[in-house]
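**Student:** Take this structure first; my questions come after.
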Amino acid sequence: MRRAATWLCCSRISLTSAFSTLGRPPTPEGGGLTSPWCLVTWLSTPSGRCTLLSPATTLPPSLPSQWPPLPRWNIRKADWSRFLASLDEWWADYQPPDDLHQQERDLTAAIQTAATTAIPRCAPSRRHRTDWWYYNEEVREHNHRVNLHRKLYKKRPNPNNLRLLQEVVARARQVSLRAKEDKWLEWCATFSQHTSLGQMWRSVRTASGAAPPRPAAHPHPQQEAERLATIFTSRVSSNQLPLHTQLTQQQLRPHRDEAVREAMEVADMTDRPFSLQELQQAKRRVRDTATGADGVPYSMLAHAGPAGDAALLAMLNASWTAGRLPPAWKEADIQPIPKPREPTKLSSAT
């Protein structure tokens with residue numbers, strides 16, 4: 001039970017990110033855009049006409065509603081010795097506060113500061129497929145065959161496999177060219193005298209391999225997240241159970257509450273702080289997964305060294321003693337992604 005509790009605490013770490021000043025949007029005053037109207041200067045001539053001189057136009061800024069997140073840290077190029085030295089320097093002069101929430105935020109900021117100084121960030125690139133506009137099942141199948149024969153030739157480089165790879169690549173190119181031509185003719189069939197010039201240019205840019213506009217993951221992410229939370233809450237509610245099961249639960253609830261109160265008064269071997277050995281054993285079982293809002297993966301916790309382990313252990317024991325979790329550990333990042341090719345169901349909503 002104690003080992004499971006340690007694993008739960010370590011696996012539920014979701015450190016809240018502290019926004020830096022570099023991520024704050026500039027103010028209109030700082031950018032010089034202070035007036036939403038046009039400033040025009042007129043000059044009267046002897047003939048009675050008015051001449052427009054040096055029109056100065058000041059437009060209001062159009063700031064994005066949400067700034068894109070910073071790129072991920074490139075863990076493969078991390079300087080762990082420098083990362084460890086930064087955490088050691090922070091922990092040497094740090095005194096953990098009594099506030100559990102503040103203690104969690106301090107540890108998050110220390111890890112992010114150490115990562116900023118020792119780990120470069122990945123290039124903010126976006127994977128773009130130039131064949132997205134004519135991609136179909138036949139093209140996918142021939143591309144799959146090309147990948148298989150490339151792996152075969154890489155494993156066994158001989159003339160026969162090379163000739164076979166060349167034939168498969170040539171066949172895949174023919175299929176792609178035919179699919180591209182068919183798709184272009186299909187587009188041209190939709191053009192008429194009523195087709196706008198903008199639509200035609202968009203088709204030309206798409207056929208030339210330009211990246212398509214990137215839509216949002218969901219048009220209404222906040223409403224969709226609330227809907228998913230409501231659905232999960234209703235599904236796990238006792239109101240979904242049969243009536244006789246609900247009555248049985250109501251009858252057994254007083255006895256269960258009394259059993260819990262009696263168990264709380266009995267001393268147990270788990271009523272002690274976590275040890276460093278337990279923390280290290282729990283850290284060996286985890287691997288890097290998708291990070292939360294803080295962008296801190298498990299690799300940083302694994303290379304935190306004695307200072308990072310001491311800070312993390314102090315926070316875990318403070319949470320264990322207080323019987324509550326930091327608010328950031330109770331937050332989840334839900335990104336609803338619509339899947340139009342799948343039927344509308346709960347399992348395909350996320």
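The values are calculated or read from the model by the stated rules, or taken from the named source; none is laboratory data. Predicted, not measured: the structure shown is a model, and the values here were computed from it. Cβ coordinates were reconstructed from backbone atoms using ideal geometry, including for glycine residues, and neighbour counts include every protein chain displayed.
**Student:** In this structure, is Arg156 more than 30 Å from Asn317 (Cα to Cα), outside the structural domain of Asp294 (by TED's automatic domain parsing) and without any contact (Cβ under 8 Å) to a residue 12 or more places away in the chain?
**Tutor:** yes
**Student:** Right, here's the next one. Check off (1) of a type outside the set (A, V, I, L, M); (2) outside the structural domain of Asp309 (by TED's automatic domain parsing); (3) under 30 Å from Ser299 (Cβ atoms) for Glu258 and give me the number that stays unchecked.
**Tutor:** Against the list (1) of a type outside the set (A, V, I, L, M); (2) outside the structural domain of Asp309 (by TED's automatic domain parsing); (3) under 30 Å from Ser299 (Cβ atoms), Glu258 comes up short only on (3).
**Student:** Does Val146 satisfy the criteria of being touching a Lys or Arg at 6+ places or on another chain (Cβ under 7 Å) and either without any contact (Cβ under 8 Å) to a residue 60 or more places away in the chain or surrounded by 13 or more Cβ atoms within 10 Å (Cβ to Cβ) (or both)?
**Tutor:** The answer is no for Val146.
**Student:** Let me ask something else. Is it the case that some residue within region 215-237 is out of contact with any helix residue (DSSP H, G or I) (no Cβ under 7 Å at 6 or more places or on another chain) and within 26 Å of Arg145 (Cβ to Cβ)?
**Tutor:** no
**Student:** Which residues, counting only those in region 156-179, are out of contact with any helix residue (DSSP H, G or I) (no Cβ under 7 Å at 6 or more places or on another chain), in a helix (DSSP H, G or I) and of a type outside the set (S, T, N, Q)?
**Tutor:** Pro159, Arg163, Glu167, Ala170, Arg173, Leu177, Arg178 - these are the residues of region 156-179 that are out of contact with any helix residue (DSSP H, G or I) (no Cβ under 7 Å at 6 or more places or on another chain), in a helix (DSSP H, G or I) and of a type outside the set (S, T, N, Q).
**Student:** Within region 177-198, is even one residue surrounded by 16 or more Cβ atoms within 10 Å (Cβ to Cβ) and aliphatic (A, V, I, L, M)?
**Tutor:** Within region 177-198, one or more residues are surrounded by 16 or more Cβ atoms within 10 Å (Cβ to Cβ) and aliphatic (A, V, I, L, M).
A quick yes/no check of all residues on (1) farther than 30 Å from Ala207 by Cβ; (2) in a loop (DSSP other than H, G, I, E, B); (3) at pLDDT 90 or above; (4) of a type outside the set (A, V, I, L, M, F, W, C):
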residue	(1), (2), (3), (4)
Leu63	yes, yes, no, no
Ala114	yes, no, yes, no
Thr130	no, yes, no, yes
Arg140	no, no, yes, yes
Lys154	yes, no, yes, yes
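**Student:** Right, here's the next one. Enumerate the helices (runs of 4 or more DSSP H) found wholly within region 201-310, keeping only those where 1 or more residues are exposed (fewer than 10 other Cβ atoms within 10 Å of the Cβ) and either touching a strand residue (DSSP E or B) at 6+ places or on another chain (Cβ under 8 Å) or not acidic (Asp, Glu) (or both).
**Tutor:** In region 201-310, the matching helices (runs of 4 or more DSSP H) lie at 221-236, 243-265, 276-283.
**Student:** Could you please tell me which pairs satisfy a Cβ distance under 8 Å, a separation of 6+ or placement on different chains, a first residue in region 81-104 that is acidic (Asp, Glu), and a second residue that is part of a helix (DSSP H, G or I)?
**Tutor:** So the pair list comes out as Asp88/Gly305; Asp88/Pro306; Asp88/Ala307; Glu104/Met315; Glu104/Ala328; Glu104/Trp329.
**Student:** Related question: Identify, by number, the condition in (1) at pLDDT below 90; (2) over 22 Å from Glu137 (Cα atoms) that Trp187 doesn't meet.
**Tutor:** Trp187 satisfies all of (1) at pLDDT below 90; (2) over 22 Å from Glu137 (Cα atoms) except (2).
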